Amino acid sequence: MTAARAVFIPTNPKQLIAARVAAHALTRHGSSGTPFDVHVIVTTDFPVLAEREGQLLLRNGVREAWRNDDLQSFTPLRFAVPSLMGYEGRALVIDPDVFAVRDVRPLLERDLNGAAIGARPLHRPGEPARFASSVMLLDCARLKHWNLENDFGELFSGERDYRAWMQLKLEAGAGIALLEPEWNDFDHLSPKTGLLHNTRRVTQPWKTGLPVDFVVHQKGPERSWPNRLWRRLKGKSDGRTPSTYRPHPDAAQEQLFFALLAECVERNVVTTPVLEQAIARQELRRDALQLLERARTTGTSTPRMASA
């Protein structure tokens, strides 16, 4: 892949419907700017992930098993993108639960002022620097030290901590330019939003009512494997995460997703049989087809979407 500008959406089979919606959302906004390609990359195409199933990696200083079927098992693929680009050009990386609500070309064309990465900061003034790698703008030529197989392997040898990797704590030498919150807007939709990120997993709008199927990564003593095993045997939760996905607190974000999904079906980006299969696998909420039909018949949209 050698396009000068491209967007990559890492995903796994569990989030593939959302990824396809995210890809559509990127391309639906008209612009006279530089064209770009959109690539959905899936964990099943990267055997290095499946080969580590059940092996212990280092996360936040604690050893835990890698689960290739976890809801967020796609996250290492964020760091495969410079290689996929041939270490050339500019790439935007977004998670499958990130949806463009306006044209991303201004972001793709932004001057990084010598930095190799653009990302939203997570730290407050005076705290150690950490960033959200869920949306990254990459100058691929300056990231030749990124190698998925080697870097992923270091999690299991103990040379690399997953949390530090994901929060870009290892990239101080590459330089990180700050992206405004609206380019990775955490469960917040406003007139300024450029990329909406449904980052709180338990309220992702396409999952409402389904059994929770992700691993909760705890801190401190609660993260010890005997404690986790005891809780599992007793059928206990972590005390914070419910057993089923909850409705998103902002109805506009649910409406946005299903309006985008309706467009995908109309344009044959996603077919109804594929949605039915996803519902059967509990990857898509049970009433998704009804919400889809409602979006079609009522023309449900947000003001931003009305400009399509």
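The values are calculated or read from the model by the stated rules, or taken from the named source; none is laboratory data. Being a predicted model, the structure only gives us computed values, none of them experimental. In this analysis, Cβ positions are derived from the backbone assuming ideal geometry, glycine residues included, and neighbour counts consider all displayed protein chains.
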Only one of Ala172, Ala177, Ala164 is surrounded by fewer than 16 Cβ atoms within 10 Å (Cβ to Cβ) and either assigned to a helix (DSSP H, G or I) or touching a residue at least 12 places away in the same chain (Cβ under 8 Å) (or both), namely Ala172
The stretch 89-103, residues that are touching a helix residue (DSSP H, G or I) at 6+ places or on another chain (Cβ under 8 Å) and more than 18 Å from Thr11 (Cβ to Cβ): Gly89, Arg90, Val101
Among the listed residues Leu56, Leu71, Leu26, Leu16, identify the single one that is surrounded by 16 or more Cβ atoms within 10 Å (Cβ to Cβ), over 18 Å from Gln204 (Cβ atoms) and at pLDDT 95 or above. Leu26
Can you find a residue that is under 22 Å from Val269 (Cα atoms), outside any helix (DSSP H, G or I) and in the same structural domain as Leu138 (by TED's automatic domain parsing) anywhere in the stretch 11-22? yes
Could you please let me know if Phe36 is crowded, with 20+ Cβ neighbours inside 10 Å and at pLDDT below 95? yes
Restricting attention to the stretch 112-126, does a residue exist that is in the same structural domain as Phe156 (by TED's automatic domain parsing), in contact with a Lys or Arg (Cβ under 7 Å, 6 or more places away or on another chain), within 28 Å of Gln282 (Cα to Cα) and not small (Gly, Ala, Ser)? no
How many of the residues in the stretch 1-41 are within 21 Å of the chain's Cα centre (by Cα) and over 17 Å from Asn147 (Cα atoms)? 28
Test set (1) of a type in the set (A, V, I, L, M, F, W, C); (2) within 20 Å of the chain's Cα centre (by Cα); (3) modelled with pLDDT under 95 - Phe131 fails condition number: (3)
